[in-house]
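Peer 1: Here it is, the structure, as structure tokens.
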Amino acid sequence: CITDHPRMEPLCFNQFVLEVAWLGYKQQYGENAFSDRQDERYRHIAYRKFVRWCWGYLGKDFRVVLPACVVCCIRAHFP
């Protein structure tokens, strides 16, 4: 399972990494960046970082379905 990969924890679960990634996201999207609860922000950024790690930059109109194990694992870390 991809969630057992050693890079999964530092990329998608480390709160310090996600906080820095959130600041970059907020700078890029400005007022359009949602600023709900911290766990929701971390979930959103963790999904984005996972996609970037596995597929690289996808672009505006290209989407992929995340594996269910990844979604469940991220939701478990940031309920």
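Taken together, the values in this text are just the output of simple stated rules run on the coordinates, not laboratory data. Here the structure is a predicted model, which is why all the values come from computation and not from measurement. Glycine gets a Cβ as well: all are built from the backbone with ideal geometry, and neighbour counts include every protein chain shown.
Peer 1: Rg/Rh for the chain to two decimals, with Rh computed the Kirkwood way over all alpha-carbon pairs.
Peer 2: Ratio of gyration radius to Kirkwood radius for the chain: 0.94.
Peer 1: Okay, next question. Using each residue's phi in the stretch 48-58, evaluate 6.51 cos²θ - 1.76 cosθ + 1.60 at θ = phi - 60° and report the 3J(HN,Hα) Karplus result to the nearest Hz, with x for Gly and Pro.
Peer 2: So the J values, rounded to whole Hz, are 4, 5, 5, 4, 4, 5, 7, 10, x, 6, 9.
Peer 1: Which of 30, 66, 56 sits farthest toward the positive end of the charge dipole of the chain, with +1 on the Cβ of Lys and Arg and -1 on the Cβ of Asp and Glu?
Peer 2: Going by the charge dipole, the pick is 56.
Peer 1: At a Förster distance of 22 Å, what's the computed FRET efficiency of residue 3 paired with residue 39, Cβ-Cβ distance as r, to 0.05? All intermediate terms of the calculation are to be shown ahead of the outcome.
Peer 2: Values: r = 18 Å, r/R0 = 0.83.
Calculated transfer efficiency: 0.75.
Peer 1: Give me the net charge of residue 57's neighbourhood, meaning all other residues with Cβ under 13 Å from the Cβ of residue 57; Lys, Arg count +1, Asp, Glu -1. Don't skip to the answer; put the middle values down first.
Peer 2: Working: positive: 48, 49, 52, 60, 63; negative: 61.
Net charge in that neighbourhood comes out at +4.
Peer 1: With a cap of 12 neighbouring Cβ atoms within 10 Å, and only residues DSSP puts in a loop, list the chymotrypsin sites (Phe, Trp or Tyr not before Pro) found in the stretch 9-79.
Peer 2: Listed in order of number, the matching sites are 34, 57, 62.
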